[in-house]
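Peer 1: Mind having a look at this structure? Questions to follow.
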Amino acid sequence: MNPLQVAVGVVKNPEGKILISLRHADLHQGGLWEFPGGKIEASETAEQALARELKEELNITVTAATPLIAVNHQYPDRFVQLNVFLVEQFSGEAKSLEGQPFKWVTPAELEHYAFPAANQPIITAARLPHYYAILDDADEAMLLTNLQKILNRGIKLIQARLKNLPSAAVAKFIEQAYPLCQQQQAVLLMNSAVECSVEVDGIHLTSRDLMALRLSSGHALTTRPKWLSASCHNLEQLQHAQNIGVDFAVLAPVLATQTHPGAASLGWEQFVELVAKVNLPVYGLGGMTESSLITARQSGGQGIAAIRAFLD
């Protein structure tokens, strides 16, 4: 079955709020909130369809749109593919030209509205930043200094990968680090290989822990953390991450790295192929620099993850 192709816009204003509108009750998935957009006509590209729909529905003229995520979803009565773009550059004041209610909400508030099932990965992608910093414990003495460097760069998503530290040292560091992250409104995740129970915003699963986790097995999480992410290296792992409800994934290695110079890398072409097969925000990891962000996003990724790139 060929999917119904739809262009969708996550329209974000200079204050960081996102525009959502209410679907008419007589439409498919009527009465639910949505990100604006509409069907892609045969003669249009996804970008052209999005620009037309936003102009017709909301009086907004798109000046730039960047790919955010693609979502394939099977409803009982139809199969849809949502081609989603982040729209941060536009002109015109939003107005309801077709009578539908709309409002501007913060990314965190999106969770409080009822959306169609196909929109759930979009909500997650809209809430996530483009950079994911990994704080490594190779030099314990530099941990706080490196964390401060990351926060000073404006990074809002950080993983504490403290696999080599004893539990007491991890607890001591997080006692200092977590308040610093909270002050900067940064999300702090703990790598699942760390054997220490501390308060953070979520868990980042190693690929081994990801594959050991089953929804109905003894390995299932007792409580769902606020954020749950995972490291993936192939399609099987990405699909399992999606199936157990992981919020986002990191796919690696995309390019050759200094730490593993001889290891086989995916390359951007394979990254594109793998990301297109799951409804998950995915960060590229391995050989990334800040300038890799444009390529990652054009390749369907949420952004880039890195250890050293945010410390230089």
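The values are calculated or read from the model by the stated rules, or taken from the named source; none is laboratory data. Since the model is a prediction, treat every value here as computed from it, not as a measurement. For neighbour counting, all protein chains shown are included, and Cβ atoms are generated from backbone atoms with ideal geometry for every residue, glycine included. Protein only, heavy atoms only, side chains kept; ligands, DNA and RNA dropped before computing areas. Shrake-Rupley method; radii C 1.70, N 1.55, O 1.52, S 1.80 Å.
Peer 1: With 28 Å as the limit, write out which pairs from Lys103/Lys277; Lys12/Lys163; Lys55/Lys156; Lys17/Lys163; Lys12/Lys156; Lys95/Lys277 have Cα-Cα distances beyond it, or answer none. Walk me through the intermediate numbers first.
Peer 2: Details: Lys103/Lys277 32 Å; Lys12/Lys163 37 Å; Lys55/Lys156 32 Å; Lys17/Lys163 37 Å; Lys12/Lys156 17 Å; Lys95/Lys277 36 Å.
Listed pairs above 28 Å: Lys103/Lys277; Lys12/Lys163; Lys55/Lys156; Lys17/Lys163; Lys95/Lys277.
Peer 1: Please give the calculated 222 nm ellipticity per residue for the chain, where each DSSP H segment of at least 4 residues contributes -39500 (n - 2.57) and the sum is spread over every residue; nearest 500 deg cm²/dmol? Display every interim value, and only then the final one.
Peer 2: On the way: 8 runs with 78 residues, N = 312.
Taken over the chain, the calculation gives -7500 deg cm²/dmol.
Peer 1: Using the Cα centre of the chain as origin and beta-carbon charges of +1 (Lys, Arg) and -1 (Asp, Glu), tell me which of Leu162, Phe102, Pro3 is placed farthest towards the positive end of the dipole.
Peer 2: Positive-most Cα among the choices belongs to Leu162.
Peer 1: What translational D, rounded to a whole number of µm²/s, comes out for the range 66-209 from Stokes-Einstein when the hydrodynamic radius is the Kirkwood one over Cα pairs, at 37 °C and 0.692 mPa s?
Peer 2: Values: Rh = 18.2 Å.
D, rounded to a whole number, is 181 µm²/s.
Peer 1: What's the carbon and sulfur percent of the chain's accessible surface, probe 1.4 angstrom, rounded to a whole number?
Peer 2: Details: 7410 of 14950 Å².
In the chain, the share of accessible area belonging to carbon and sulfur is 50 percent.
Peer 1: When Rg is the radius of gyration of the Cα atoms in the range 1-83 and Rh is its Kirkwood radius, what does Rg/Rh come to? Walk me through the numbers on the way to the answer.
Peer 2: Numbers: Rg = 12.9 Å, Rh = 13.6 Å.
With Rg and the Kirkwood Rh in hand, the quotient comes to 0.95.
Peer 1: Name the most mobile residue of Asp77, Asp139, Asp209, meaning the one with the largest mean-square fluctuation, in a Gaussian network model of the chain with Cα contacts below 10 Å.
Peer 2: With Cα springs under 10 Å in the chain, the top fluctuation among Asp77, Asp139, Asp209 is at Asp77.
Peer 1: Then there's this: Taking the chain as a Gaussian network, where each spring joins two C-alpha atoms under 10 Å apart, which residue of Gly16, Gly300, Gly37 fluctuates the most?
Peer 2: Gly16
Peer 1: How charged is the neighbourhood of Leu58? Take every other residue with its Cβ under 11 Å from the Cβ of Leu58, and add Lys/Arg as +1 and Asp/Glu as -1.
Peer 2: On the way: positive: Lys55, Lys95; negative: Glu53, Glu56, Glu57, Glu93, Glu98.
Overall, the nearby charge balance is -3.
Peer 1: If Lys and Arg each add +1 and Asp and Glu each add -1, what is the summed charge of the other residues whose beta carbon sits under 14 Å from the beta carbon of Pro179?
Peer 2: Numbers: positive: Lys172; negative: Glu175, Glu199, Asp201.
Net charge around Pro179: -2.
Peer 1: Starting from the Cα of Glu41, step 7 Å along the direction of its Cβ; do the same at Ser291; then give the gap between the two resulting points in nm.
Peer 2: Using points 7 Å along Cα→Cβ, the separation is 4.1 nm.
Peer 1: Something else about it: What's the Cα-based Rg to Rh of the range 49-96, Rh via Kirkwood?
Peer 2: Details: Rg = 12.9 Å, Rh = 12.0 Å.
Ratio of gyration radius to Kirkwood radius: 1.08.
Peer 1: Assuming a viscosity of 1.002 mPa s and a temperature of 20 °C, what translational diffusion coefficient in µm² per second does Stokes-Einstein assign to the range 1-149, Rh being the Kirkwood radius over Cα pairs?
Peer 2: Working: Rh = 16.7 Å.
For these conditions, the coefficient is 128 µm²/s.
Peer 1: Now, a different point. Mind checking the per residue accessible area of the chain for me, 1.4 Å probe, whole number of Å²?
Peer 2: On the way: 14950 Å² over 312 residues.
With the other protein chains kept in place, the chain gives 48 Å² per residue.
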